[in-house]
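The values are calculated or read from the model by the stated rules, or taken from the named source; none is laboratory data. Here the structure is a predicted model, which means the values were calculated and not measured. So basically every Cβ, Gly included, is an ideal-geometry build from the backbone, and we count neighbours across all protein chains shown. In case anyone asks, the SASA skips ligands and DNA or RNA and just uses the protein heavy atoms, side chains included. Shrake-Rupley method; radii C 1.70, N 1.55, O 1.52, S 1.80 Å.
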Amino acid sequence: MHICHWFSVSDLKHLHRGGRVSKTVAIVGSVLNIKPVMHVDNKGCLALVSKARGKKSLFKVFVDKVRETGYDIKNQTMFISHGDCIEDARELASILKKELGVKDVIINYVGPVIGAHSGPGTLAMFFVGDCR
């Protein structure tokens, strides 16, 4: 109950295909470069928490979420999973280390099941927090 899961996708097309958003939302959101910020809540359900416009805004939201809920941030190892966007994963890892003093960040790929639902450009981070 203390592992925090935060993620976003770069293209809403795959969320539409999976029934998570309407076709209109997928088209408008993609055109406006809107990235949904989602996480797994305490009940284990996927929840849309906010929206970010662009990559810099998304990274700021991710850093803010770690600040809000992270536990002993400087002494933990964080994890980032990505769907074919290694540059974004490395940039997020660098920001987490620089701004929050995170000790270590391990980067890996999103698995095939999650990747099939979220598509390329998926970026997820995992860390220990006060609550999920």
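Among DSSP beta bridges whose residues both lie in the chain, state the antiparallel percentage, nearest 5.
Working: 20 of 26 bridges.
In the chain, approximately 75 percent of DSSP beta bridges are antiparallel ones.
If you filter segment 9-49 for trypsin sites (Lys or Arg not before Pro), then keep DSSP loop positions with at most 11 other Cβ within 10 Å, what is left?
Values: sites: K13, R17, R20, K23, K43; in loops: R20, K43.
Passing sites in segment 9-49 are K43.
Taking the solvent-accessible surface of protein heavy atoms with a 1.4 Å probe, what is the per residue accessible area of segment 25-126 in Å²? Don't skip to the answer; put the middle values down first.
On the way: 5720 Å² over 102 residues.
That works out to 56 Å² for each residue.
Here is the list for segment 80-131: trypsin sites (Lys or Arg not before Pro) lying in DSSP coil, each with at most 16 other C-beta atoms within 10 angstrom of its C-beta, are K103. Once you reduce segment 61-111 and segment 1-45 to the center of their Cα atoms, the two points are 19 Å from each other.
Split the accessible area of the chain by element, probe 1.4 Å, and carbon with sulfur accounts for 56%. Here, segment 11-123 is characterised by an Rg to Rh ratio of 0.96, where Rg is the alpha-carbon radius of gyration and Rh the Kirkwood radius.
Within a straight-line Cα-Cα reach of under 18 Å, K23 can be paired with the following lysines, leaving aside sequence neighbours fewer than 8 residues apart in one chain: K13, K35, K51. Its relative contact order, with pairs defined as Cα atoms under 8 Å and 6+ residues apart, puts the chain at 36 percent.
How charged is the neighbourhood of V40? Take every other residue with its Cβ under 13 Å from the Cβ of V40, and add Lys/Arg as +1 and Asp/Glu as -1.
+2
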